[in-house]
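Taken together, the values in this text are just the output of simple stated rules run on the coordinates, not laboratory data. Model, not experiment: these values are computed from the prediction. Backbone-built Cβ (ideal geometry, glycine too); neighbour counts: all protein chains shown.
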Amino acid sequence: MPTLPKVVHVYEVGPRDGLQNEPTILATDLKVELINRLSATGLATVEASSFVRPDLVPQLADAAEVMSGITRAPGVRYPVLVPNVRGLERATECGVTDVAVFASATESFAQRNLGCSVRESLAMFAPVVEQARASQLGVRGYVSMCFRDPWEGDVDPRKVVDVVGALAEQGCEQISLGDTIGAATGEQVTTLLAMLSDAGVGPDLLAMHFHDTYGQALANTLLSLEFGITTIDASAGGLGGCPFAKSATGNLATEELVWMLHGLGIETGVDLPALVATSLWLAGELGRPSPSALVRAWPMENHE
Ligand code: MG
């Protein structure tokens with residue numbers, strides 16, 4: 001049996017990545033309540049919003065109001081996305097202590113999501129990362145489309161290695177590898193992690209961000225844990241559909257991740273019943289059931 005980590009850091013992305021991809025725009029006070037409830041479940045990181053141009057992501061146009069409305073719990077980090085120096089400055093004015101930049105492994109997605117080439121986007125992030133580090137902020141780099149891209153098909157892992165290397169060189173303390181359309185195979189995951197390891201990028205620098213479109217998120221997570229990865233991204237209740245595959249299933253649900261980890265004897269510090277209760281409450285506010293099978297099954301299993 002491969003050795004699994006004893007503790008895994010669950011990096012909650014629901015209020016940012018989840019809500020960004022929901023058709024319903026949640027009211028600011030409900031976002032604040034969501035973030036406060038999530039941070040009370042024992043999650044150490046709750047990614048809270050995004051300081052992108054409000055007209056580009058109307059779901060998160062109230063980032064400043066959200067960041068000033070939340071109650072920061074001791075020991076919990078509340079990172080936000082910042083696309084450029086202007087976004088970083090707006091975030092810093094709101095007392096943000098952790099930020100993230102959002103790169104792409106493929107040219108097609110860089111053009112569609114950022115309006116520039118991969119190389120140009122990395123040049124745009126360099127001063128953001130530098131300025132954030134100089135201000136002692138935590139900085140995470142995201143790389144999307146690490147395995148399969150809806151326009152380009154299977155992604156050459158060497159492209160991912162190049163982008164990860166560039167972000168690491170800029171000073172990102174953690175780099176999250178995204179299976180943005182949720183179609184990665186186990187072999188793609190292990191191949192990429194092995195190539196990164198050969199290039200000198202070990203599991204300590206990495207997080208995995210799986211989507212469950214093809215139902216492979218937990219299988220790919222387990223393979224990543226066997227590789228020594230100890231940070232996994234997930235979204236409460238599976239919040240956020242997949243914008244590139246007309247499927248209701250997007251981000252890996254945090255509840256399903258926590259259930260699997262606890263079932264393997266791995267500590268997360270997360271109170272699962274409190275997390276499920278939060279997702280059930282949110283599903284009510286959004287007016288539709290959670291896409292997570294676990295969240296839907298939970299009340300019928302007499303956990304309450
Ligand atoms: Mg996602």
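A few notes on this one:
- Glu285-Ser68 pseudo-label distance in nm [points 7 Å out on the Cα-to-Cβ vector]: 2.0 nm
- The stretch 66-130 versus the stretch 180-238: alpha-carbon centroid distance in Å: 22 Å
- Using θ = phi - 60° in the Karplus curve 6.51 cos²θ - 1.76 cosθ + 1.60, the 3J(HN,Hα) couplings for the stretch 60-69 round to 10, 5, 9, 3, 5, 5, 4, 5, 8, x Hz; x is entered for Gly and Pro.
- In nm, spacing of pseudo-spin labels at Leu30 and Arg119 (7 Å Cα→C-beta vector): 4.5 nm
- In this simple spin-label model, placing a label point 7 Å from the Cα along the Cα-to-Cβ direction at both Ala126 and Ala274 gives a separation of 4.4 nm.
- Charge context of Leu26, other residues only, Cβ under 10 angstrom, K/R +1, D/E -1: -4
- By the compact-protein rule of thumb, 2.2 N^0.38 Å, the alpha-carbon radius of gyration of the chain corresponds to a ratio of 0.92.
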